[in-house]
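**Student:** Okay, here's the structure, questions in a sec.
The values are calculated or read from the model by the stated rules, or taken from the named source; none is laboratory data. Please read all numbers here as calculations on a predicted model, not as lab measurements. With ideal geometry, Cβ positions are generated from the backbone for all residues, glycine too; neighbour counts draw on all protein chains shown.
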Amino acid sequence: MIDLQECRDEIDVIDSEIIRLFEKRMKVCEDVAEYKIRTGKKVLDPERERKKLEVLREKAHGEFNRLGAQELFQQIMAISRKRQYQLLNEHGVEDDEKLEMVDHLPLENVTVVFQGVEGAYSYAAMREYFSDEIRSFHVKTWRDAMEEVAEGRADYAVLPIENSTAGIVAGIYDLLAEYDLSIVGEQIIRPEHVLLGMPDASLEDITCVCSHPQALAQCGKYLEAHPGWKTREMENTAGSAKQVKEDGDKTQAAIASRQAGELYGLRILAENICYNGQNATRFIIVSKKPIYVKDAHKISIFFELPHESGTLYNMLSHIIYNGLNMTKIESRPIAGRTWEYRFFVDFEGNLKDSAVKNALRGIEAEANRMRILGNY
């Protein structure tokens, strides 16, 4: 009969030998890194790694071991690259600075654009984030807001990116990838959704409720309790209140803020209609200037990957290996490239941190495309 303890003892001996050989290999990798530092050669040589993995795979016996050997050496090679990126940083081989550090953001006597109309939550986020010493104007769409900043007609745009109940605002992520703007700040707003109708309306009169799709989703349980009501999607919550007022139809109601109701002279027909009492919306502040404040603590990036097995893990491993805390990951399909995705990642850190530099260097080198969206 096989003795389990003897097997374990033998494995311990083998593992110790593996550690010895691993450290020997890593020492040689450091010598390789020194050569690459002197010559300017890139750390990642994908064609050489591919050929090397093929050779190593075929040295193993049996299909299971071949797959295992391939996975093992993929990880060893990835660890080697991480050490080389670290040595590049230690030797002062810096990548070009993508963003410029500043002591503070200029927030007074600036022009700010928001999507929607006065009374919208974007307007409330703007008023919360900026001082009163600003010029502001509104536009119809999120793209319009991005365009105003890109063309220099506004210094900042305020855009919703995520709601704790309804999830991400997908269109904003796509625009962030399209426009070369930087996230320089964020503002959390806790929407207080109410049902607004004409001054002479009552709940019994309502047949149609209009609002932004996110607000309709956030109040879904309340709306389900009124199956006879139709819903109509609009571009923003305050705009839906404005539309109800302009139509003058007491069978219509809007889901919007209490402030929007006061602004347009509407009656509150129902309060507390959002089923999540902790409902909150995160807004981002974007600028054309590629800057970040020196005490920034959150980094947003996006990257695109080769359509191959394990590539997402390889990217995220740079964040994990450098001890960084990833707080969010989202994916969006890349237009025109079937089944390929762009990944958006938030993690804690500052662009001056060595761990952040190491992680970003590795991701940029190994992704098809990577961009820092902001440090804020």
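**Student:** Test residue 316 against the stated conditions and say whether it is surrounded by 15 or more Cβ atoms within 10 Å (Cβ to Cβ), closer than 22 Å to residue 176 by Cα and either under 14 Å from the mean Cα position of the chain (by Cα) or without any contact (Cβ under 8 Å) to a residue 40 or more places away in the chain (or both).
**Tutor:** It is true that residue 316 is surrounded by 15 or more Cβ atoms within 10 Å (Cβ to Cβ), closer than 22 Å to residue 176 by Cα and either under 14 Å from the mean Cα position of the chain (by Cα) or without any contact (Cβ under 8 Å) to a residue 40 or more places away in the chain (or both).
**Student:** Search segment 254-276 for residues that are in contact (Cβ under 8 Å) with a residue 24 or more places away in the chain and pair each with any residue that is among the acidic types (Asp, Glu) when their beta-carbon atoms are under 7 Å apart and the residues are at least 6 apart or on different chains.
**Tutor:** The qualifying pairs are 257/192; 258/192; 263/118.
**Student:** Collect the residues in segment 278-310 that are over 26 Å from residue 376 (Cβ atoms) and either acidic (Asp, Glu) or assigned by TED's automatic domain parsing to the domain that holds residue 162 (or both), keeping them in residue-number order.
**Tutor:** 308
**Student:** Out of segment 1-36, which residues are among the basic types (Lys, Arg) and closer than 17 Å to residue 86 by Cβ?
**Tutor:** Of everything in segment 1-36, those that are among the basic types (Lys, Arg) and closer than 17 Å to residue 86 by Cβ turn out to be 25, 27, 36.
**Student:** What number of residues within segment 115-143 are closer than 20 Å to residue 241 by Cβ and either touching a residue at least 12 places away in the same chain (Cβ under 8 Å) or β-branched (Val, Ile, Thr) (or both)?
**Tutor:** 20
**Student:** What number of residues within segment 291-310 are buried (at least 16 other Cβ atoms within 10 Å of the Cβ) and either farther than 30 Å from residue 219 by Cβ or at pLDDT below 95 (or both)?
**Tutor:** Going through segment 291-310 one residue at a time, the tally reaches 10.
**Student:** Mind listing just one residue for me: the one in segment 188-230 that is within 30 Å of the chain's Cα centre (by Cα) and assigned to a strand (DSSP E or B) and, of those, nearest to residue 274 (Cα to Cα)?
**Tutor:** This residue is 193.
**Student:** Here's something else I'd like to know. Can you pull out the residues in segment 283-339 that are more than 17 Å from residue 370 (Cα to Cα), in contact with a Leu (Cβ under 7 Å, 6 or more places away or on another chain) and not small (Gly, Ala, Ser)?
**Tutor:** The answer is 283, 284, 286, 288, 291, 292, 293.
**Student:** Which residue is modelled with the highest pLDDT, if the candidates are limited to segment 205-246 and must be of a type in the set (S, T, N, Q) and closer than 18 Å to residue 172 by Cα?
**Tutor:** Filtering first and then ranking leaves 237.
**Student:** Is one or more of the residues making up segment 210-229 of a type in the set (D, E, K, R), out of contact with any Phe, Trp or Tyr (no Cβ under 7 Å at 6 or more places or on another chain) and in contact (Cβ under 8 Å) with a residue 24 or more places away in the chain?
**Tutor:** no
**Student:** Taking the conditions exactly as written (without any contact (Cβ under 8 Å) to a residue 12 or more places away in the chain, aromatic (Phe, Trp, Tyr) and out of contact with any Cys (no Cβ under 9 Å at 6 or more places or on another chain)), does residue 341 satisfy them or not?
**Tutor:** no
**Student:** Name the residues in segment 32-49 that are among the acidic types (Asp, Glu) and surrounded by 10 or more Cβ atoms within 10 Å (Cβ to Cβ), would you?
**Tutor:** Residues satisfying the conditions are 34, 45, 49.
**Student:** So, of the residues in segment 232-261 that are touching a helix residue (DSSP H, G or I) at 6+ places or on another chain (Cβ under 7 Å) and of a type in the set (Val, Ile, Thr), which turns out to be nearest to residue 196 (Cα to Cα)?
**Tutor:** 255
**Student:** Considering segment 206-226 alone, what residues qualify as being out of contact with any Leu (no Cβ under 9 Å at 6 or more places or on another chain) and not polar (S, T, N, Q)?
**Tutor:** 208, 212, 213, 215, 217, 220, 221, 224, 225
**Student:** I've got another one for you. Kindly establish whether residue 147 is under 17 Å from residue 344 (Cα atoms), at pLDDT 95 or above and not assigned by TED's automatic domain parsing to the domain that holds residue 375.
**Tutor:** no
**Student:** So, residue 185, is that one modelled with pLDDT of 95 or more, over 15 Å from residue 284 (Cβ atoms) and in the same structural domain as residue 286 (by TED's automatic domain parsing) or not?
**Tutor:** So residue 185 fails the test.
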